[in-house]
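Below: one structure, written as structure tokens.
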Amino acid sequence: MDETVETALRECPLFADIPAALLAHIAAAADIRSFPAGQTIFREGETSDAVYVVRRGRVALEICAPGVGCRRILSVGPGELVGWSPLLDPRQPLTATARTTEPVELLALDAKALQTIFAEHPEVGYHLLRQVAHSLARRLTATRMQLLNLYGEEMAHAQPIDHEG
């Protein structure tokens, strides 16, 4: 086990409540990866075997649509999850493209190994999946704000739907 990885996990608020013995198991399924500014970590629609936690730097999350192109919906920084989809299902495509906006250091966690740890220690799975839910809620809010920026004027003039008539 790489002591540096375990130390990095201990420093991350996401893992603050994980007992040391379980943190050692997570560390055994993780490594630290560095990326220069402007590099794509993964693309929307790809699958991945890893889930990432930003240790240092910032990562921009973008979504793309035909005729519109790619739009940044959110930037995430230290302690935040990137590429959460494999935690739920490793065959599920990633829902955004992740690009570094500055030099970045990520904790890469093997999703399959994490799922095994979750099965053996449900309290750890509950804690980490709860963090995933918080990340998703934040991203949904960011996406909503982007939609308001794109369609705000049209939405402001739209008539409410009358559900009673």
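Conditions: (1) under 23 Å from Ala24 (Cα atoms); (2) part of a strand (DSSP E or B). Leu128 meets all but one. Number of the miss?
Result: Leu128 passes all but (2).
Could you pull out every one of the strands (runs of 3 or more DSSP E) wholly within the range 1-97 that has 3 or more residues that are touching a residue at least 40 places away in the same chain (Cβ under 8 Å) and either of a type in the set (Gly, Ala, Ser) or within 20 Å of His121 (Cβ to Cβ) (or both)?
Strands (runs of 3 or more DSSP E) meeting the threshold: 50-56.
Could you check Leu106 against (1) at pLDDT below 95; (2) buried (at least 19 other Cβ atoms within 10 Å of the Cβ) and say which number it fails?
(1)
The values are calculated or read from the model by the stated rules, or taken from the named source; none is laboratory data. Just so we're clear, the structure is a prediction, and the values are computed from it rather than from any experiment. Note that we place each Cβ from the backbone using ideal geometry, even for glycine, and neighbour counts take in every protein chain shown.
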